[in-house]
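What follows is a set of notes on a single structure, which appears directly below.
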Amino acid sequence: MHDQNHTYECPELALLVAHMSEEGYRQRVIVSYKAIAKQFLRYLRHIRISIDTVQSEHVQRFLRRRLSKYRRRHGRSPSDPQSWRGREGSAIRMLLRVLRGHWPPSPIPRSAPEGMLDEVLRGYDDWMREVRGLCLSTRENRIAEALRFMKALRIEDRAAWSDDVSIRNIDAYVTSRTVSRRTRTSLKLTTIDLRSFLRYLKISGWIKHDLSGEILVPKCYKLQELPRELSAEHVDKVLETTRADDSAIGRRDYAILMLLATYGLRAGEVTGLRLEDIDWKNDILRVRRGKSGAHAELPLLPHPGNAILAYLRHGRPKTRARQVFVRAVAPYSGLAALTTQIRERLAVVGATSPGRRGPHAFRHARAASFLRRGVTIKEIGDVLGHRSAESTAVYLRLAIDDLRAVALDMPKGATS
């Protein structure tokens with residue numbers, strides 16, 4: 001009873017307990033996290049640091065202090081130090097996310113060069129978003145490449161910035177990246193990202209000359225990658241096996257697989273699906289296309305619709321999250337990816353494809369199945385959300401037997 005009253009006397013702990021209760025954490029986990037959080041708040045008062053100014057080093061010092069106390073109290077280290085540290089750290093990170101809205105904090109530049117790098121990257125991100133209109137995933141990839149490039153130059157001060165960006169240094173960097181990139185396609189992406197960054201540096205005035213044109217982009221030939229289609233037999237088998245799993249996770253995974261197999265959706269389109277995107281009255285499924293960002297309305301067919309409904313009624317935990325598909329354990333937030341779940345389901349039935357073995361394999365399989373049914377490439381592209389027939393053609397490179405069926409017969413008497 002005393003501990004319950006103390007919760008209400010400490011607003012920070014009250015917020016933590018309320019958050020964990022709403023997210024569906026078990027009571028024993030809430031009690032454990034609350035005890036750790038209480039000690040951390042006491043430590044902050046001792047070193048006279050406010051919760052708003054906490055940095056990662058403060059958390060690390062507290063964990064070292066907790067470990068020392070544990071050793072003095074028990075005469076030994078924890079039996080599983082990594083698990084112990086993970087539990088203690090998770091409690092503190094959750095407390096900080098609840099109280100500050102996000103964690104970890106943006107790193108404070110420790111020197112002028114770090115401050116300059118941060119300024120360049122923030123400006124680059126703004127330019128890509130506002131001028132180029134690039135999506136978040138593309139911006140993140142290009143920022144990561146830009147950061148690697150600047151770190152490789154070992155810039156010591158702002159004055160030397162322009163001099164350090166030279167053709168010779170660019171060539172050296174591209175050569176170093178060639179070693180780490182395994183395919184011609186991945187190296188092409190690296191050079192494209194680097195050209196974009198160099199173009200921004202010139203436009204924004206960080207360097208005097210536009211050096212983007214000095215980078216040679218590797219030649220990639222169309223349809224050069226290995227095929228990725230998942231066979232129709234394997235698709236049917238994994239659907240049948242997953243449907244037989246009537247656990248909460250089984251119902252969730254079956255609904256996801258039905259969406260992938262029926263509509264050929266991208267993984268991000270499935271994880272981004274929200275409760276309000278399903279119009280049950282009019283049997284409409286609204287999908288936000290992963291690359292274009294446009295919304296598409298698809299007919300909610302009976303089989304995927306029933307699979308989603310079964311999951312919502314008998315598998316989805318109670319949560320405030322608006323995403324249709326959520327984690328099976330607390331916190332019940334929306335799924336961030338599908339690769340692990342899909343690969344595990346495919347492995348159970350021994351399903352393999354000669355290329356990708358994740359969610360995208362179903363997209364290729366669906367495109368090929370459409371072609372076998374006589375659907376035109378234009379119609380297939382509309383379903384998949386492609387903006388060009390060229391994009392759709394990539395998905396059909398495995399359907400060789402079906403493509404042969406539309407070949408023209410040679411006239412009699414013609415020779416090769």
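Data overview
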| read-out | value |
| --- | --- |
| Every pair of residues 6+ apart whose Cβ atoms lie under 6 Å, when the first sits in region 208-221 and is within 12 Å of L198 (Cβ to Cβ) while the second is charged (D, E, K, R) and modelled with pLDDT of 80 or more | D210/K202; S212/R195; S212/R199; I215/R195 |
| All positions within region 247-258 that are within 19 Å of the chain's Cα centre (by Cα) and aliphatic (A, V, I, L, M) | I256, L257 |
| Helices (runs of 4 or more DSSP H) (entirely within region 254-351) containing at least 3 residues that are out of contact with any strand residue (DSSP E or B) (no Cβ under 9 Å at 6 or more places or on another chain), among the small types (G, A, S) and under 19 Å from L230 (Cβ atoms) | none |
| Exclusive hit being in a loop (DSSP other than H, G, I, E, B) and either of a type in the set (K, R) or not assigned by TED's automatic domain parsing to the domain that holds L121 (or both), set S90, S77 | S77 |
| Pairs where the first residue, in region 59-74, is basic (K, R) and the second is outside any helix (DSSP H, G or I), C-beta under 8 Å, 6+ apart | R71/S77 |
| Residue satisfying condition, being in contact with a Phe, Trp or Tyr (Cβ under 8 Å, 6 or more places away or on another chain) and of a type outside the set (K, R), within set L312, L300 | L300 |
| Subset of region 13-55 (residues that are touching a residue at least 40 places away in the same chain (Cβ under 8 Å) and not in a helix (DSSP H, G or I)) | E23, G24, Y25, R26, V54, Q55 |
| Which listed residue is more than 15 Å from M94 (Cα to Cα), in contact with a helix residue (DSSP H, G or I) (Cβ under 8 Å, 6 or more places away or on another chain) and at pLDDT below 90, from H2, H19, H6 | H6 |
| Enumeration of residues in region 172-206 that are among the β-branched types (V, I, T) and either at pLDDT 80 or above or assigned to a helix (DSSP H, G or I) (or both) | V174, T175, T178, V179, T185, T190, T191, I192, I203 |
| Options R73, R87, R65: the member that is surrounded by 10 or more Cβ atoms within 10 Å (Cβ to Cβ) and either more than 19 Å from P104 (Cβ to Cβ) or of a type in the set (F, W, Y) (or both) | R65 |
| Residue among W103, W127 that alone is outside any helix (DSSP H, G or I) and out of contact with any Pro (no Cβ under 8 Å at 6 or more places or on another chain) | W103 |
| Residues (within 16 Å of Y332 (Cβ to Cβ) and crowded, with 16+ Cβ neighbours inside 10 Å) located in region 13-23 | H19, M20, E23 |
| Among (1) closer than 22 Å to G358 by Cβ; (2) touching a His at 6+ places or on another chain (Cβ under 8 Å) - the single one G268 does not satisfy | (2) |
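The values are calculated or read from the model by the stated rules, or taken from the named source; none is laboratory data. Bear in mind the structure is a predicted one, so any value in this text is a computation, not a measurement. Cβ: placed from backbone, ideal geometry, glycine included. Neighbour counts: every protein chain shown.
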